[in-house]
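Notes for the one structure printed next.
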Amino acid sequence: MDKSLSKEPMLEMFIFENLQLLEQLEQTILAHEKERCLENAVINEIFRIMHTIKGSAAMMMYDSISSLAHAIEDLFFYIREFHPDEMDYSKICDMVLDGIDFIKNEIGKLEQDQEADGDSSPFVENIEQYLLLIKEASANSNLINEAAARPAGLQKKFYISTSKSPPTENIKRYHALIYFTPGCEMENIRAFNLVHKLKDQAEQIDYLPADIIENNDSVEFIRENGFAVIFTTHLQQEAINELFMKEAFIDSLDLRVMEDEEWEIEQLRARNQIILEDEEPTISNNRAKETGANLHSGGSRQSLINVNVDKLDRLMDMVGELVISETMVALNPDLTTATRLDNFHKATRQHRKIINELQDIVMSIRMVPLTMTFHKMNRIVRDMSKKQNKNVELVIRGEETEVDKKIIEHLSDPIMHLIRNAIDHGIESPEKRAGLGKSPIAQVYLEAKSEGGDVYIILRDDGAGLDKEKILERARARGLIQKPDSNLSDGEIFSTILLPGFSTCDEISEFSGRGVGMDVVLKNIEAIGGTVLVDSAPGQGTTISLKIPLTLAIINGMRVKVGNSIYIIPITSIKESFKAQRGDVIVDPNGKEMIMVRGECYPVLRLHKKYQVKSALEDISKGIIVIVQNDSGSICLFVDALLGEQQVVVKALPKFIGKIAGISACTLLGDGRACLIIDVANLINPSKS
Amino acid sequence: MSEILNEVVQQEEDTQKGKFLTFLVGKEEYGIEIKYVTEIIGGIQAITEVPEVPEYVKGIINLRGKIIPVMDVNLRFKKEARDYNDRTCIIVIDIDELSVGLIVDNVAEVISISDADIVPPPDARAGFHNRYIKGIGKIGNEVKLILDCQRLLSTENLEDLKYIN
């Protein structure tokens with residue numbers, strides 16, 4: 001039985017749910033740390049997540065997790081209820097992130113069937129102390145506030161507005177009452193649209209009825225009483241008038257400037273119901289308390305379900321079988337005896353079409369967007385830049401690019417390595433950057449895009465770039481480069497930093513050359529059939545591109561015949577194929593065969609000899625030569641015949657057979673036969689793997 | 001909850017206990033515990049040869065989308081290879097999540113042998129050296145050799161042989 005399945009379902013659920021919650025929480029915190037404020041919705045979310053974790057951890061008797069969650073919950077309960085002014089957001093974020101790390105670590109232990117035995121008391125103490133601190137601080141400020149004796153309702157800020165709220169002199173408050181043309185229908189949608197347009201120009205928008213979209217009764221209300229909007233803007237009255245009148249189906253508009261007091265009253269009136277639409281759906285304090293936890297995460301909830309990967313694999317196997325059995329039906333030998341098969345063929349065509357579509361869908365299920373992987377990097381950038389006192393911003397693009405689940409698992413580590421390297425070695429200190437006239441905030445771009453069957457992941461920084469001379473010097477000293485300088489392209493020079501011999505050198509970190517663990521990156525990416533390209537411009541930064549295949553599960557292969565066996569050669573590694581004459585082959589004293597193609601000499605490998613296949617062609621002029629290549633060289637493979645190109649589903653060799661030199665995996669052919677996939681890299685350079 | 005589960009497992013084990021699938025390899029009749037057997041494939045389908053494995057590993061087959069290795073038990077016991085005919089069967093056994101097909105000359109039946117009727121094989125020092133035999137079961141006048149599946153599949157063994165080859 002599968003290990004993950006055998007785990008107690010309760011525990012599995014606990015691990016799964018909590019990891020998801022923590023991930024969500026981490027994202028939220030990182031996103032809001034940048035804005036240096038915590039919206040009510042965010043506070044509520046943290047509070048809710050911690051509450052959930054506390055509950056489930058307590059139920060599963062993981063006391064250290066539940067007590068930590070409890071402490072964080074307490075902290076945020078206080079923040080939520082009292083809105084203390086003296087808050088060090090960065091510190092709060094640190095504490096919560098530390099807490100998240102601790103819980104994640106504990107859950108990681110559970111996942112590996114270990115005891116969750118970590119001690120969370122230092123964190124708890126830390127948080128409790130801080131809570132006391134802000135309690136004291138805000139007690140002081142509360143006194144001051146009370147002395148000022150302002151009406152309590154106004155003191156509470158209902159929301160912390162986002163970016164655009166510079167208090168300028170000529171901001172005016174307006175009240176607009178809009179009636180739509182009778183019979184235009186969908187008044188509520190139109191009203192919403194209007195508000196949406198207004199958002200670009202105005203701030204602090206409130207409207208009545210507030211729940212225009214959610215509540216269908218609002219249509220009636222708007223028809224009878226009009227749609228009232230209050231907002232502040234720097235625009236002149238005429239401009240606003242124009243803005244409104246551009247909308248279709250507006251019958252009348254009553255726009256007037258409001259006095260401050262009136263404004264406040266109106267605002268409060270509006271806020272007794274549901275309020276504001278901000279950049280993210282924010283819900284007013286009063287309401288959120290009543291309606292409980294489920295509303296405010298609206299944006300982040302998707303209609304997703306989580307499925308065990310094993311089940312998916314099984315589904316894919318079944319579909320593969322379906323394809324094979326379909327072939328068996330359509331090409332059944334018994335059919336040759338039948339006379340008229342028109343209808344049968346029509347039916348099988350339809351059948352095949354459906355099966356193909358089904359196969360596509362199953363494949364697409366395995367595709368996962370890079371979002372999670374990319375967003376994890378936010379944390380690393382944050383921690384690194386804090387530690388190194390560098391101001392680094394991570395710019396993420398193309399996170400929606402989808403890659404096979406199996407590949408994603410292999411990407412996280414290399415990207416993390418590259419980002420660490422970029423910040424550690426690439427990005428200069430803020431002082432140095434200032435001296436060079438660069439923006440004090442360094443940027444690291446993380447971009448993904450798909451091109452053809454490949455996905456490119458590009459990591460670019462605007463740091464110092466690689467020092468070509470020094471790399472060259474180092475590489476020569478270590479004997480990594482043999483060619484003369486004039487023959488080396490920049491790319492070749494930069495690529496030497498990926499070699500294992502290069503990275504073990506300590507002195508590297510003195511200059512901007514990347515060092516630590518680059519060979520690990522290369523190994524990881526090569527393991528999933530990808531390549532790494534390095535480019536750099538001095539003073540402008542370094543770009544590292546990872547080219548990876550979309551999926552590991554399906555490759556394009558060429559079927560070749562050797563004796564009675566069929567092998568698959570990955571199409572990507574085939575350079576060319578040709579018929580050779582007997583005279584083309586040169587034999588060296590050791591009996592090794594070689595062949596000359598356009599002035600270059602390639603070794604010849606007879607596949608039937610390599611794989612001990614009987615009854616294969618021996619005569620080189622009767623068979624066909626296929627030149628395959630990879631990074632480390634090229635080789636000629638001698639096979640009986642090429643049978644054609646086919647997409648094949650890659651399957652691992654059975655454990656019992658283990659690893660076989662020269663064979664990377666196996667697959668199933670259309671007729672249901674199992675067939676081996678050739679490991680080109682191993683044939684070219686057997687010593688390497 | 002786990003108690004109930006255990007009970008179910010136990011019951012299942014009980015119904016399988018003492019039952020053996022018997023088959024012919026050469027002249028001898030062998031038995032394997034029924035709990036290891038997942039299915040029997042009648043007739044030999046196309047076997048894809050795999051290089052660099054011992055001779056007795058005939059290759060891999062496609063078992064409804066799952067790729068499993070098959071071994072010829074005749075060759076495994078270092079007997080002469082026999083031609084496959086329509087009585088030849090592949091018994092698929094599953095041990096520790098490892099599925100392997102055993103090519104045997106003929107599948108006979110499922111029989112019950114009580115523990116009391118199983119005697120250990122003679123000592124290796126007495127000149128008996130088939131180490132794949134776990135015991136010898138008596139059914140009336142007949143004798144069945146009970147195979148040790150674990151030993152049969154042990155991969156160390158496979159590796160040893162690889163060396164020799």
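Here are the numbers:
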| item | result |
| --- | --- |
| Out-of-range pairs (alpha-carbon distance over 18 Å; input A:LYS311/A:LYS655; A:LYS91/A:LYS387; A:LYS614/A:LYS651; A:LYS311/A:LYS547; A:LYS91/A:LYS376; B:LYS35/B:LYS58) | A:LYS311/A:LYS655; A:LYS614/A:LYS651; A:LYS311/A:LYS547; A:LYS91/A:LYS376; B:LYS35/B:LYS58 |
| Debye log10 I(q)/I(0) for the range A:554-684, one point scatterer per Cα, at q = 0.20 Å⁻¹ | -1.21 |
| Per-residue ³J(HN,Hα) for the range A:343-352, Karplus 6.51 cos²θ - 1.76 cosθ + 1.60, θ = phi - 60°, Hz, x for Gly and Pro | 5, 4, 5, 4, 5, 5, 4, 4, 4, 4 |
| Euclidean distance between Cα centres, the range B:35-70 to the range A:326-357, Å | 29 |
| Contour excess over end-to-end distance, with Cα ends at A:GLU451 and A:MET61 and 0.36 nm allotted per residue | 135.5 nm |
| Full-stretch length increase - A:ASN685, A:PHE77 - with 0.36 nm per residue and alpha-carbon distance subtracted | 212.6 nm |
| For A:ALA71, net neighbour charge (Lys/Arg +1, Asp/Glu -1) across residues whose Cβ lies under 12 Å away | -4 |
| Phi to ³J(HN,Hα) by Karplus 6.51 cos²θ - 1.76 cosθ + 1.60 over the range A:380-386, Hz, x for Gly, Pro | 5, 4, 4, 5, 5, 5, 5 |
| Between the range A:106-121 and the range A:630-661, the alpha-carbon center distance in angstrom | 43 |
| A:ILE566, A:ILE441, A:ILE15 arranged by Cβ crowding within 10 Å, fewest neighbours leading | A:ILE441, A:ILE15, A:ILE566 |
| Ascending count of other beta-carbon atoms within 10 Å, so fewest first, for A:VAL42, A:VAL444, A:VAL362 | A:VAL362, A:VAL42, A:VAL444 |
| 5 angstrom amide H check on A:VAL650, placed H, neighbours 5+ away | A:ILE554, A:ILE555 |
| Cβ-defined net charge surrounding A:LYS353, 12 Å radius [Lys, Arg +1; Asp, Glu -1] | 0 |
| Built amide H within the under 5 Å cut-off of A:GLN540, gap 5+ | none |
| Fraction in percent of alpha-carbon pairs per bin - 5 Å, the range A:363-498 | 2, 9, 17, 16, 15, 16, 13, 9, 3, 1, 0 |
| Residue order, fewest to most beta carbons within 10 Å, for A:HIS196, A:HIS70 | A:HIS196, A:HIS70 |
| Residue-count net charge about A:LEU617 - beta-carbon cut-off 13 Å; Lys, Arg +1, Asp, Glu -1 | +4 |
| Backbone N under 19 Å from the A:GLU128 label point (7 Å along Cα→Cβ), restricted to the range A:60-85 | A:62-79 |
| Listed residue pairs exceeding 26 Å between alpha carbons, taken from A:LYS575/A:LYS610; A:LYS406/A:LYS468; A:LYS386/A:LYS406 | A:LYS406/A:LYS468; A:LYS386/A:LYS406 |
| In sequence order, calculated HN-Hα J values of the range A:415-420 (Karplus, 6.51, -1.76, 1.60; Hz; x Gly/Pro) | 5, 4, 4, 5, 5, 4 |
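Any read-out appearing in this document is the output of simple, stated calculations on the displayed coordinates, not a laboratory observation. All of these numbers come straight from a predicted model, not from anything done at the bench. No Cβ is skipped: glycine too gets one built from the backbone with ideal geometry, and neighbour counts run over all protein chains shown.
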